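The values are calculated or read from the model by the stated rules, or taken from the named source; none is laboratory data. This is a predicted model, so every value here is computed, not measured. As a convention, Cβ positions derive from the backbone with ideal geometry for all residues, glycine included, and neighbour counts pool all protein chains shown. Accessible surface areas use protein heavy atoms only, side chains included; no ligands, DNA or RNA. Shrake-Rupley method; radii C 1.70, N 1.55, O 1.52, S 1.80 Å.
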Amino acid sequence: MRPRIPRRPLAALLAGACVAAGLAGCTVGGSAASADKQTLTIAEWTNPGAIEFTKELNKQFEKQHPGVTVKLQQAPTANGAWGQLSNSLLQSRSVDVMAQFAPTQAGFAPAYTKIAPAGPAALIAADKLVDLKNQPFMKNYDPTMQAAAVGHNGGVYGVLAAEYVAAGAIWYKKDLLAKYGLQVPTTYQEFIAVCDTLRKKGVTPIFVAGKDGMQGGVWQGIVNQVLMKGKRAGDATTVSHDRAVAFWKGQQSWNDPVYRDATARYQKVMRYIEPSASGVAQQTAPGVWAAKADDYAFLLDGSWDGLTIQQANPKLNLSFFSFPGTDSAADNRVAIKPDLTWVVPTTAPNRKLAMEWLSLFSQKENYQKWLASTGSVSTQPGLSNTGLPWMDWLNAHGSDSFPILTNPWIPAGAAIDAAGPDFSKLAPIGSDSADTILKRSAAAYRKSVG
Amino acid sequence: MPRCLFGTNRTRRWIPWASIAIPGAGWLLFGLYPSLATIGYSFTRYSGLPGTPLNVCGTCNYTTAFTSLSGEVWGSIGVTLTYVVGVTVAQTAVGLGLALLLNRRSRAYTVYRALIFMPQIFSVAVVGAIFALILDPFTGPAEKILHGLFGVTSSFLGSNGLALPLVMAVNVWMFAGYTMLIYIAGLRNIPSSVYEAAALDGAGRLRMFWHITWPLLAPATTVTVFLTAMGSLGEYALVLVLTGGNFGTRTLGLYMFTSAFNAGTSQLGYGSMLAMLQFVLTVVIGGSLLFLLRRREIQL
């Protein structure tokens, strides 16, 4: 007699198998797995302009590649959501092209520091990203800039696609300045004079998302301009490295005169900010600033927020400039921060398609649209971001810009103070004096590196 | 062969084993394995990114935590303890007050209790986002009310003095309904005859509360204090959404989260070591609380 197989457990087993197959991303039958149907997965953090552009590019790619579907995965950078998404996509080996923040050379601390790479630098060091150096589309980009942003041991592990003015970017209301006969300041003294005039006219000069520390950009801007005085843009990596080594060896500290002077200047600027600005988050600041056309002449923010500001108040006549941190206009150059970088994981299921997608992205007409959608500074020589009205100042003054200096190396878990002043504690937003803050930072750095 | 709802007798024999095996496998996979992995990772400089090397370094993270980064670790433990004490005391007091106020049998009170309990069912991210908007000095109503009533302004979550108490207040608002329910259950277990006897002896309301209600609520107090303290010990999500850990609000939980998972700088090894410290802190505080509260129950 044949043993009888109980039906209910069998049904449960089949149901379980189906669930398991579903969880594993498999499909029953051959249609989804057929050779001529492929899905290219692109992952990008949520930035409205960048997402809109990517969706359009994906449509273009699908039209050029019949049978290929491009899937866009996105998450906001706030509260660690993007980190979680990118980690899970890497873990599941399901992403082909992925946005990452450029690690820069600061991501690769020398072995003697015993600081292990983190983020994209860790992926590069572990050979988990494809070297794109010899890809034909890389010829469209400035090789020095790409190498500084995402290069390691002679390879280039991504396409630096976006850069922004982050340290000391200041949005301003053109009509408000014009109303009081004011010009865009070119020196620190001029900036203070403009703020004084505005205050006398009953205008609060500066608005800032103090809750998220955006005021720190002023301090960073001053330090960058002072340390890069008389240096070529290409020297920025060396200047950063030399400073990091000097900090590590104890030859320099956050309590040195250059940082004391920058802190004193920063504190003077902070006298002109909206008093309650320390409670304002970066998410709401551009909207609040844009809505008040007759107040808050300046907004301390990154240059990436142009489209957000414009959406909040389409009638606003706006532009931005870089904070003039020194008394010499010639030294007040723009510091540019590398930002979104496309990378291809070595585990990408469709590496060839990924390269074709990057090639399409890199075409001049597409890249020009990308610049207009994101407000980014161009990383392709010969192209500039001319599609946006607020890029006028940068296009006129950005020729001698340089890559933003990177911070000295600090180990994971180090105090906020170890990477420079904690602007939430420094007066006038906090209650600590410049002397206390800088001594604390210097001590925190020394302690953190052991 | 006899049949029943769960198949034949032969298959029914497997049901108890399956009932143990399925949750057991779940516990092994989602409980024991991550816990052991966390212990293991705490001895490495692992970035946490898939495919990157573990970089085993022995006790390096523990040494760092108690030497070069001791200020950070003790600082965040200090914030955590302040948070735990503040939230536990306030939530217990508010929950007890609400329970005494709303322990009535009518539909209106049922609605009130449901409304007060409701924040508990929202996710922490939603509550955090709502309060971040309410406490925004420009777009939120809190500033307008404060200015309208007292003529002063505040940056609320951007203030070094106010940020931590405000986060604690949001936590209490969210979970006080839960505490209230525990106390209401406790209140309903107190026999009315005890109150009647006390009333005959001439005891007033305050005396009855102090000598009858409060001692007989000791088991409920043990439960609520223990659960609140344990819940607030690991708090990081609310702090992350409301302040990002700025303005003196970085708890040990948030320090661990940012160390382990911050995009670009994450070091899972260091974060795992902080998770181990969090575990030790939880065991010590949880154990001490249970011991003290149980002893208190016996004394009362």
Only one of B:S76, B:S42, B:S47 is within 23 Å of the chain's Cα centre (by Cα) and either modelled with pLDDT of 90 or more or within 30 Å of A:L129 (Cα to Cα) (or both). Can you tell me which?
B:S76
It is to be established whether one or more residues within the stretch B:257-267 are within 11 Å of chain A (Cβ to nearest Cβ), touching a residue at least 60 places away in the same chain (Cβ under 8 Å), open to solvent by 50 Å² or more (accessible area, probe 1.4 Å) and touching a helix residue (DSSP H, G or I) at 6+ places or on another chain (Cβ under 9 Å).
yes
Within the stretch A:339-360, restricting attention to residues that are over 18 Å from A:L160 (Cα atoms) and charged (D, E, K, R), which residue is least open to solvent (accessible area, probe 1.4 Å)?
A:R351
In the stretch B:245-254, which residues are within 11 Å of B:G158 (Cβ to Cβ) and open to solvent by 10 Å² or more (accessible area, probe 1.4 Å)?
B:N246
Note on the stretch B:139-175: residues open to solvent by 60 Å² or more (accessible area, probe 1.4 Å), more than 23 Å from the chain's Cα centre (by Cα) and of a type in the set (A, V, I, L, M, F, W, C) are B:I145, B:L149, B:F150, B:V152
When you scan the stretch A:165-179, do you find a residue that is over 16 Å from A:W289 (Cα atoms) and hydroxyl-bearing (S, T, Y), even just one?
no
Sole miss for B:W214 among (1) surrounded by 15 or more Cβ atoms within 10 Å (Cβ to Cβ); (2) under 18 Å from B:Q91 (Cα atoms) is condition (1)
From the options A:P66, A:P48, A:P136, residue that is without any contact (Cβ under 8 Å) to a residue 60 or more places away in the chain and either more than 8 Å from chain B (Cβ to nearest Cβ) or over 18 Å from the mean Cα position of the chain (by Cα) (or both):
A:P66
Mind checking whether some residue in the stretch B:226-242 is outside any helix (DSSP H, G or I), without any contact (Cβ under 8 Å) to a residue 60 or more places away in the chain and within 30 Å of B:T52 (Cβ to Cβ)?
yes
Among the listed residues A:F207, A:F191, which satisfies the condition of being open to solvent by less than 10 Å² (accessible area, probe 1.4 Å), touching a Pro at 6+ places or on another chain (Cβ under 8 Å) and either aromatic (F, W, Y) or in a helix (DSSP H, G or I) (or both)?
A:F191
Within the stretch B:121-137, the residues that are assigned to a helix (DSSP H, G or I), more than 10 Å from every other protein chain (Cβ to nearest Cβ) and touching a residue at least 40 places away in the same chain (Cβ under 8 Å) are B:V124, B:V127, B:F131
Kindly state which helices (runs of 4 or more DSSP H) lie completely within the stretch A:68-152 and contain at least 1 residues that are in contact with an Asp or Glu (Cβ under 7 Å, 6 or more places away or on another chain) and open to solvent by 20 Å² or more (accessible area, probe 1.4 Å).
none
How many residues, within the stretch A:279-300, are among the hydrophobic types (A, V, I, L, M, F, W, C) and surrounded by fewer than 18 Cβ atoms within 10 Å (Cβ to Cβ)?
2
Looking at the stretch A:361-418 only, could you name the residues that are open to solvent by less than 20 Å² (accessible area, probe 1.4 Å), outside any loop (DSSP other than H, G, I, E, B) and under 30 Å from B:A65 (Cβ atoms)?
A:D417, A:A418
Mind checking whether some residue in the stretch A:438-450 is more than 10 Å from chain B (Cβ to nearest Cβ), open to solvent by 10 Å² or more (accessible area, probe 1.4 Å) and polar (S, T, N, Q)?
no
Can you name every one of the helices (runs of 4 or more DSSP H) wholly within the stretch A:256-337 that holds 3 or more residues which are under 26 Å from A:L405 (Cα atoms) and under 25 Å from the mean Cα position of the chain (by Cα)?
A:257-270
Among the residues of the stretch B:190-209, are any closer than 13 Å to B:L96 by Cα and either within 14 Å of chain A (Cβ to nearest Cβ) or open to solvent by 20 Å² or more (accessible area, probe 1.4 Å) (or both)?
yes
